[in-house]
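Input: a single structure, listed below in structure tokens.
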Amino acid sequence: MIRVDLRSDTVTHPSPDMKKAMYDAELGDDVYGDDPTVNHLQEKAAELLGKEAGLFVSSGTQGNLVSVLAQAQRGDEVLVGDQCHIMNSEAGGTMVLGSVVLYPIKTDEFGFLEPDLIRSAVKPRDYHKPPTRLLTIENTHNASSGRALSPEHMKSMADAGHEKGLNVHLDGARIFNAAVALDVPVSDLSKHVDSATFCLSKGLSCPIGSVVVGSREFIQEADRWRKMLGSGMRQVGAVAAAGIIALDLMVERMQEDHDAAKHISSRMAEMPGISVDPEHIQTNIIRFGVPQHTGDQIAAQLKEEGVYINGGDSDLRIVTHYGVTKDDYEFAISALDRVMKNIV
Ligand SMILES: Cc1ncc(COP(=O)(O)O)c(C=O)c1O
């Protein structure tokens, strides 16, 4: 039996407050713009991130997709980090459905894109080249073990894009983790970009949903794409209600997840066969190395011990989240220690 599921923060279940809010939510038909709960969530999200308007979407993937489609046309080029989620883990949706060209820029170990690399990736006007229109940035950066990029880093990347006439989109699936880790208002991280997506269904523990924010004009266009993608949803306030609770009550709580990740990673650093730098762990994601070809075996043995993590050849991932107790974390640490002693 699985006792602790540390595969992702997406496995979280709604809190009792969320369930009550979902049950009690005032509803309307959101395709007519009539759902007061959805409208409240969208306005709240936009205000928090310092933008004019918001749009409730089904997932982070859909949020990124409508944001790209609303800002780049078929045949345009979009600059992305080479380790980013949009490029590597969204089924190529922007390329397939938007027919845009993704151009990957080398990402540093902190998830940062050097401004000079951004500037030099923008194509000159030349009919041999796709016109570069959009830059996307990811914060926290999933592949870099959830590193949080500071307001200064956000500004320097966005400025480089804007100088070259690009729009800038933030994949902020975990932007609230970044704000909590850096102890800054989330708007400090979003104010330099034109559009942003954040997820309610990760560390914020909602069952479903993400929100896209930006200018009113951009949101109107993103809404058209959402409709085309089949996600014009009806009495969806039943789900959005959880998002309002999340923004009111679940943001500061994520510090507990970050503290747990720090604690677990420092214990892991003492285990045989594991390479991890606890100093690098800033939010709720721990990526760690194990000897080649042992990753899946380690994950399988842990599962037998009741601990679920994401497997791989030599890179594994643990994500801390709501609903896991300190005892559960200690249980997982002991299980990992036993498995590593057995394998190495
Ligand atoms: C950085 C990042 N962006 C976007 C997404 C996509 O979110 P969803 O799974 O809701 O589609 C994820 C999911 O893990 C993510 O880590």
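Residue-by-condition table, conditions (1) assigned by TED's automatic domain parsing to the domain that holds Ala53; (2) closer than 21 Å to Ala53 by Cβ; (3) assigned to a helix (DSSP H, G or I); (4) not basic (Lys, Arg):
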| site | (1), (2), (3), (4) |
| --- | --- |
| His192 | yes, yes, no, yes |
| Thr197 | yes, yes, no, yes |
| Lys202 | yes, no, no, no |
| Val211 | yes, yes, no, yes |
| Ala222 | yes, yes, yes, yes |
| Ala238 | yes, no, yes, yes |
| Ala241 | yes, yes, yes, yes |
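Scan segment 258-286 for residues that are surrounded by 20 or more Cβ atoms within 10 Å (Cβ to Cβ) and free of Cβ contacts under 8 Å to residues at least 24 places away in the same chain and jot them down. Step through it out loud before you land on a result.
Taking segment 258-286 first, the residues surrounded by 20 or more Cβ atoms within 10 Å (Cβ to Cβ) are 258, 260-261, 264-265, 268, 274, 276, 281-286.
Across segment 258-286, the qualifying residues are Ser265, Val276.
Of the residues Met340, Met271, only one is of a type in the set (A, V, I, L, M), over 30 Å from Ser150 (Cβ atoms) and part of a loop (DSSP other than H, G, I, E, B); which? Quick ask: steps written out before the conclusion?
Numbers: Met340 fails: part of a loop (DSSP other than H, G, I, E, B).
Among Met340, Met271, only Met271 is of a type in the set (A, V, I, L, M), over 30 Å from Ser150 (Cβ atoms) and part of a loop (DSSP other than H, G, I, E, B).
Looking only at segment 287-342, which residues are over 27 Å from the mean Cα position of the chain (by Cα) and open to solvent by less than 40 Å² (accessible area, probe 1.4 Å)?
Matches in segment 287-342: Thr294, Ala335, Val339, Met340.
Any residue in segment 118-147 that's at pLDDT below 95: show its pairings with residues that are among the basic types (Lys, Arg) and not in a strand (DSSP E or B) at Cβ separation under 9 Å, as long as the two are six or more apart or on different chains.
Qualifying pairs under 9 Å: Lys123/Lys129.
So the check is Cβ under 7 Å with 6+ separation or different chains; which pairs have a first residue in segment 33-62 that's more than 11 Å from Ile219 (Cβ to Cβ) and a second one that's among the aromatic types (Phe, Trp, Tyr) and open to solvent by less than 10 Å² (accessible area, probe 1.4 Å)?
Short answer, once both residue conditions are applied: Val38/Phe56; Leu41/Phe56.
Every residue, every condition in (1) closer than 16 Å to Thr140 by Cβ; (2) outside any strand (DSSP E or B), yes or no:
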| position | (1), (2) |
| --- | --- |
| Ala260 | yes, yes |
| Arg267 | no, yes |
| Arg287 | yes, no |
| Gln297 | no, yes |
| Lys303 | no, yes |
| Val324 | no, yes |
| Ile333 | no, yes |
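I need the full set of residues from segment 168-186 which are out of contact with any Asp or Glu (no Cβ under 9 Å at 6 or more places or on another chain) and more than 14 Å from the ligand (Cβ to nearest atom), in order please. So that I can check it myself, show each step before the final result.
Going through segment 168-186, the residues out of contact with any Asp or Glu (no Cβ under 9 Å at 6 or more places or on another chain) turn out to be 175-176, 178, 181, 183-186.
Result: Ala181, Asp183, Val184, Pro185, Val186.
Across segment 77-115, what is the total count of residues that are more than 14 Å from the ligand (Cβ to nearest atom) and more than 19 Å from His141 (Cβ to Cβ)?
Number of matching residues: 8.
Identify all residues within segment 54-65 that are more than 11 Å from the ligand (Cβ to nearest atom) and either open to solvent by 50 Å² or more (accessible area, probe 1.4 Å) or small (Gly, Ala, Ser) (or both); write none if there are none.
Initial filter on segment 54-65 (more than 11 Å from the ligand (Cβ to nearest atom)): 54-56.
The answer is Gly54, and nothing else.
Are any residues in segment 243-257 of a type in the set (Asp, Glu), surrounded by fewer than 20 Cβ atoms within 10 Å (Cβ to Cβ) and either assigned to a helix (DSSP H, G or I) or over 22 Å from the mean Cα position of the chain (by Cα) (or both), and if so, which ones? Walk me through how you get there before you give the answer.
Step one: filter segment 243-257 for residues of a type in the set (Asp, Glu), giving 248, 252, 256-257.
If we keep only those that are surrounded by fewer than 20 Cβ atoms within 10 Å (Cβ to Cβ) too, we end up with 248, 252, 256.
Those that are of a type in the set (Asp, Glu), surrounded by fewer than 20 Cβ atoms within 10 Å (Cβ to Cβ) and either assigned to a helix (DSSP H, G or I) or over 22 Å from the mean Cα position of the chain (by Cα) (or both): Asp248, Glu256.
Each row is one residue, and each column tells you yes or no for (1) surrounded by 24 or more Cβ atoms within 10 Å (Cβ to Cβ); (2) closer than 29 Å to Met18 by Cα; (3) among the charged types (D, E, K, R).
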{"site": "Lys155", "(1), (2), (3)": "no, no, yes"}
{"site": "His162", "(1), (2), (3)": "no, no, no"}
{"site": "Ala178", "(1), (2), (3)": "yes, yes, no"}
{"site": "Ala181", "(1), (2), (3)": "no, yes, no"}
{"site": "Ser195", "(1), (2), (3)": "yes, yes, no"}
{"site": "Ser205", "(1), (2), (3)": "yes, yes, no"}
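Let me spell it out: the conditions are (1) crowded, with 17+ Cβ neighbours inside 10 Å; (2) farther than 26 Å from Val168 by Cα, and His13 meets all of them except one. Which number is the exception?
Single failed check for His13: (1).
Testing Lys51 on (1) away from the ligand (no atom under 16 Å from the Cβ); (2) within 29 Å of Asp277 (Cβ to Cβ); (3) surrounded by 22 or more Cβ atoms within 10 Å (Cβ to Cβ), one condition comes back false. Which one is that?
Looking at each condition in turn, Lys51 falls short on (2).
Under 6 Å by Cβ, and 6 or more places apart or on different chains, what pairs join a residue from segment 5-29 that is touching a residue at least 24 places away in the same chain (Cβ under 8 Å) with one that is within 16 Å of the ligand (Cβ to nearest atom) and assigned to a helix (DSSP H, G or I)?
Asp5/Val11; Pro14/Ala242; Met18/Ala242; Met22/Ala242
Pro151 is checked against (1) closer than 23 Å to Lys44 by Cα; (2) without any contact (Cβ under 8 Å) to a residue 24 or more places away in the chain and fails just one. What number does that condition carry?
(2)
The values are calculated or read from the model by the stated rules, or taken from the named source; none is laboratory data. This one's a predicted model, so the numbers in the text were calculated from it and none came from an experiment. Glycine also receives a Cβ, built like all others from the backbone with ideal geometry; neighbour counts cover every protein chain displayed. Accessible surface areas use protein heavy atoms only, side chains included; no ligands, DNA or RNA. Shrake-Rupley method; radii C 1.70, N 1.55, O 1.52, S 1.80 Å.
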